[in-house]
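Asker: A single structure is presented below for examination.
The values are calculated or read from the model by the stated rules, or taken from the named source; none is laboratory data. Keep in mind that what you see is a predicted model, and the values were worked out from it rather than measured. A quick note on method: Cβ atoms are made from the backbone with ideal geometry, for glycine too, and the neighbour counts reach across all protein chains shown.
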Amino acid sequence: MRRTNPNNDYFQLSANGGLPRYLTLQALENRKFIARAVAIGRCFLCAASDIDVTGLCLICRSFLSDEERQAAQAYYDGVF
Ligand SMILES: [Zn+2]
C-alpha cells in the first residue's frame, strides 16, 4: 500500500505513509483489510498504535465522514 512521495495534501493523503485518505471507505468495507490492521495493531491511515476494532486510531476516527462512520459502526455492532 506504500505510495511514492506523498505530497502532504492534508486530508487526501495520510501523514505517515498509511492508506491514502480517500480509500478509507473502501478499506472499512473490506473486513479482511481491517482485520489485518487490527492484527498488526497500527492505524491503517496514520500508523498510530492506539487503535480499536475499526483499525483506526482516535484521531483518524474523528475525521471520518458520515458515510465512513456508518461503515465503521458495523465493527462496533458486530453486524455484517
Ligand atoms: Zn490514525
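Asker: Could you count how many residues in segment 47-68 are charged (D, E, K, R), exposed (fewer than 13 other Cβ atoms within 10 Å of the Cβ) and more than 12 Å from the ligand (Cβ to nearest atom)?
Answerer: The number of residues fulfilling the criteria is 2.
Asker: Something else: Looking at segment 1-41, which of its residues are at pLDDT below 85 and polar (S, T, N, Q)?
Answerer: Of everything in segment 1-41, those that are at pLDDT below 85 and polar (S, T, N, Q) turn out to be Thr4, Asn5, Asn7, Asn8, Gln12, Ser14, Asn16.
Asker: Looking at segment 24-46, I want the residues that are within 15 Å of the ligand (Cβ to nearest atom) and have a partner that is among the charged types (D, E, K, R) and at pLDDT below 95 with Cβ atoms under 7 Å, at least 6 apart or on another chain. Which pairs are those?
Answerer: Leu45/Arg21
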